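K.L.:
Let me give you the structure first, and then I'll get to my questions.
The values are calculated or read from the model by the stated rules, or taken from the named source; none is laboratory data. Quantities reported herein were computed from a predicted structural model and do not represent experimental measurements. Quick reminder, even Gly has a Cβ in these numbers, built from the backbone with ideal geometry, and neighbours come from all protein chains shown. For accessibility, only protein heavy atoms count, side chains too; no ligands or nucleic acids. Shrake-Rupley method; radii C 1.70, N 1.55, O 1.52, S 1.80 Å.
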Amino acid sequence: MKFSVIIPTLNEAAGIGNLLKTVTRLAVGYASEIIVVDGGSQDKTVAIAQKYAKVYTLSQANRGAQLAYGVTKSQGDILWFLHGDSQLNGQQAIFADIMAVLSQPRVSAGCLTLRFTEKGFFYRYLAITSNWRAKYLGLIFGDQGLFTTRQNYQRAGGFLAEPLMEDWLLSRQLHRLGKFKLISAPIYTSNRRFAAHPWRTHLAMHRLQLLFILGTSPKDLAKRYNRRHN
């Protein structure tokens, strides 16, 4: 089976090289490809990524559209989606673990165990609750390293071209097809969204999720999110 690792980027020069080097090392012995879809970076993201991956560029950043486009350019039987600011433990047999999970009956998708690069109670709490959410509520967010088969991805309808909540929408559909499994391998994500005001940002993100449940469109949510982060 062939793996397609798909990564949307926007100004990720600080960490994309380390991520791609680690994925390349982990993929030794497996049929694989790495696809980066950039949303118009103004730094050296594209130049760095081209050393390790097939790189495509969209004229406007939209993570859902970037991920969906990456799938159209991929050939793998297994699709593994990563964020550009994630980091992996390069010593674990993650590819073998993903294959083992997806070979189990009635499993439609899975993810890695989320951790944060920053230490402290808040980030431990955030990681634990995120992993519980994926395991028990059937919601895998993008920074958790979602993986599934191409067949299940297509059956679920794929990523929609939404600027926000694209991972929520897809994982909800995937969970209707089967169970989710977490593998023990950690995936480390940046704390940059929370660094200035951790609890305030956390509560604001929950508010966006509640508004989404109540029917606010992802585009309107993205406008609210961008106002807070610009």
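K.L.:
Among the residues of region 150-178, count how many are modelled with pLDDT under 95 and on the phi > 0 side of the Ramachandran plot.
P.N.:
Of the residues in region 150-178, 1 are modelled with pLDDT under 95 and on the phi > 0 side of the Ramachandran plot.
One line per residue, one yes/no per condition, for (1) open to solvent by 80 Å² or more (accessible area, probe 1.4 Å); (2) in contact with a Pro (Cβ under 6 Å, 6 or more places away or on another chain); (3) farther than 21 Å from Ala185 by Cα:
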residue	(1), (2), (3)
Gly40	no, no, yes
Lys44	yes, no, yes
Lys54	yes, no, yes
Leu88	no, no, no
Gln92	no, no, no
Thr129	no, no, no
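K.L.:
Just a yes or no: is a residue in region 188-205 assigned to a loop (DSSP other than H, G, I, E, B), modelled with pLDDT of 70 or more and surrounded by 18 or more Cβ atoms within 10 Å (Cβ to Cβ)?
P.N.:
Checked region 188-205: at least one residue is assigned to a loop (DSSP other than H, G, I, E, B), modelled with pLDDT of 70 or more and surrounded by 18 or more Cβ atoms within 10 Å (Cβ to Cβ).
K.L.:
Here is a follow-up. One residue is enough: does region 74-81 have a residue meeting the conditions assigned to a strand (DSSP E or B), out of contact with any helix residue (DSSP H, G or I) (no Cβ under 7 Å at 6 or more places or on another chain), modelled with pLDDT of 95 or more and surrounded by fewer than 24 Cβ atoms within 10 Å (Cβ to Cβ)?
P.N.:
No, the conditions are met nowhere in region 74-81.
K.L.:
Next question, about the same structure. Take the residues in region 1-33 that are over 14 Å from the mean Cα position of the chain (by Cα) and assigned to a strand (DSSP E or B), then tell me which one is surrounded by the most Cβ atoms within 10 Å (Cβ to Cβ).
P.N.:
Phe3
K.L.:
Does Tyr56 meet the test of being of a type in the set (Ser, Thr, Tyr) and in contact with a helix residue (DSSP H, G or I) (Cβ under 6 Å, 6 or more places away or on another chain)?
P.N.:
Spelling it out, it is not the case that Tyr56 is of a type in the set (Ser, Thr, Tyr) and in contact with a helix residue (DSSP H, G or I) (Cβ under 6 Å, 6 or more places away or on another chain).
K.L.:
Only one residue in Ala96, Ala49 is surrounded by fewer than 23 Cβ atoms within 10 Å (Cβ to Cβ) and small (Gly, Ala, Ser). Which one?
P.N.:
So the residue among Ala96, Ala49 that is surrounded by fewer than 23 Cβ atoms within 10 Å (Cβ to Cβ) and small (Gly, Ala, Ser) is Ala96.
K.L.:
List the residue pairs whose Cβ atoms are under 7 Å apart, where the first residue sits in region 103-128 and is closer than 27 Å to Gly157 by Cβ, the second is in a loop (DSSP other than H, G, I, E, B) and not small (Gly, Ala, Ser), and the two are 6 or more positions apart or on different chains.
P.N.:
Cβ pairs passing all conditions: Ala109/Ile140; Ala109/Leu146; Cys111/Ile140; Cys111/Leu146.
K.L.:
Okay, moving on. Might you let me know whether region 42-52 holds any residue that is under 15 Å from the mean Cα position of the chain (by Cα) and closer than 26 Å to Leu102 by Cβ?
P.N.:
No, there is no match, as no residue in region 42-52 is under 15 Å from the mean Cα position of the chain (by Cα) and closer than 26 Å to Leu102 by Cβ.
K.L.:
Taking the residues in region 105-122 that are in a strand (DSSP E or B) and among the polar types (S, T, N, Q) as candidates, determine which candidate is farthest from Gly145 (Cα to Cα).
P.N.:
Checked region 105-122; the qualifying residue farthest from Gly145 (Cα to Cα) is Ser108.
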